[in-house]
Amino acid sequence: MFARVVRFEGADADTLDQTAAQIRSEADQGPPEGVPAKQFFLLNDKEGGRSLGIILFETEEDYDQGDKVLNDMDPPGEGMGRRVSVEKYE
């Protein structure tokens, strides 16, 4: 199992809530096209204006494909703040 861990900073609490609700509503449709993810977690620190997105992939090949697609995408909505890191874990 491989995890793509992305950190965002600089969001305000209300906008962070709205963006998280948007992501949850779109999650019913599955991951974005070209992202063979198995599971997704979004953890928010509303007081600190920070978010942590964790996407799980079954294989390293799936991770590499998903990472490429996600790197080419803009962060979801304005409410996530700015992306400050992307890390890979096994």
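Quick notes on this structure:
- Our summary of shape: the Cα atoms of the chain have principal axis extents of 36, 25, 20 Å, ordered from largest down, in whole angstrom.
- Largest GNM mean-square fluctuation among 26, 58, 47, using the chain with Cα springs under 10 Å: 47.
- Considering only 52, 43, 16, the mean-square fluctuation computed in a Gaussian network model of the chain, springs between alpha carbons under 10 angstrom, is largest for 43.
- Annotation: per residue accessible area for the chain equals 65 Å², rounded to a whole number [probe 1.4 Å, protein chains only].
- Legend: residues 51, 25, sorted from most to least accessible area (1.4 Å probe; ligands, DNA and RNA excluded), read 25, 51.
- Percentage relative contact order, the chain, counting C-alpha pairs under 8 Å, at least six apart: 52
- The accessible surface of the chain, taken with every protein chain in place and a 1.4 Å probe, is 46 percent carbon and sulfur.
- Angle in degrees between helix 13-27 and the longest Cα principal axis of the chain, rounded to the nearest 10: 30
- Whichever lysines have a C-alpha closer than 24 Å to that of residue 88, once near sequence neighbours (fewer than 8 apart) are set aside: 38, 68
The values are calculated or read from the model by the stated rules, or taken from the named source; none is laboratory data. Note that the structure is a prediction, hence the values are computed from the model and not measured. Only protein heavy atoms, including side chains, enter the accessible area calculation; ligands, DNA and RNA are left aside. Shrake-Rupley method; radii C 1.70, N 1.55, O 1.52, S 1.80 Å.
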